[in-house]
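Every number here is computed from the coordinates shown, using simple stated rules; none is lab data. Computed from a predicted model, the values in this text were never measured in an experiment. Cβ coordinates were reconstructed from backbone atoms using ideal geometry, including for glycine residues, and neighbour counts include every protein chain displayed.
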Amino acid sequence: MGNRAERVVRVNGGVPADRPPSAIRVFMNNIISDVQAVDIRNDSEEVVLNSHYFSVYQEALVIRLPIGQQAFSLGIMFIGDDVASRPDPEKTVRHEYGHTVQYANMGLFGYIEEVGIPSLTAYYLKKQEQLPYDYHSSPWESKANEHGDVEYGPFKNPWTEEHGYYDIWDLVEQVYNYYS
Ligand SMILES: [Zn+2]
């Protein structure tokens, strides 16, 4: 095993230093740097945020997608390529990790029903400025925060039963009403 500098020299071998690297070379170097950073027990959010295409966070696979500041999970964590420019990007990584714990506990179909559909619906309503409570205060989001050991809030409009939102179907009905 050579040191890092020697390896980089080998990868760039034959290319004059003043020539800008080609797209394929940048791509290959990014992959090599991601592979070198892989550690199944990694618990550093920084490693995830600095990855180009993939990484591992507390044994969960993380894929970077060109979806800007957004992130979601389906057993695997999908972290947008611009999440690092969020105010608290580490929180996003820990929150999405919390969703992978939910997935492990619920299985695919339980997760789709109890987390996937509710959060997509709530996210959609939020975009339309129709969500009557703070997104992260809903039961499925606060559970993910608990699993990921991350805190959001205090909430101005927390999810409460007084709002009349007992479960996901109240939200689905709201989307339906919005369009009818
Ligand atoms: Zn979430």
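Tabulated values for the structure
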item	result
Extreme residue, positive dipole direction of the chain, given options Ile76, Asn50, Gly110 (C-beta unit charges)	Asn50
Backbone N within the range 103-129 under 20 Å of label point (7 Å from Asp170 Cα along the Cβ vector)	113-129
Descending semi-axes in whole angstrom, ellipsoid equivalent of the chain, from the Cα gyration tensor	39, 17, 14
Relative contact order for the chain, counting Cα pairs under 8 Å that sit 6 or more residues apart, in percent	13 percent
DSSP bridge pairs, the chain: antiparallel proportion in percent, nearest 5	65 percent
Estimated [θ] at 222 nm from DSSP helical runs (n ≥ 4, -39500 (n - 2.57)) normalised by residues in the chain, nearest 500	-14500 deg cm²/dmol
Calculated SAXS-style log₁₀ I(q)/I(0) at q = 0.21, 0.28, 0.32 Å⁻¹ - the range 22-64, Debye, Cα scatterers	-0.59, -0.91, -1.11
Loop GluC sites (Glu not before Pro), the range 58-132, which have at most 13 other Cβ atoms in a 10 Å radius of their Cβ (DSSP)	Glu59, Glu129
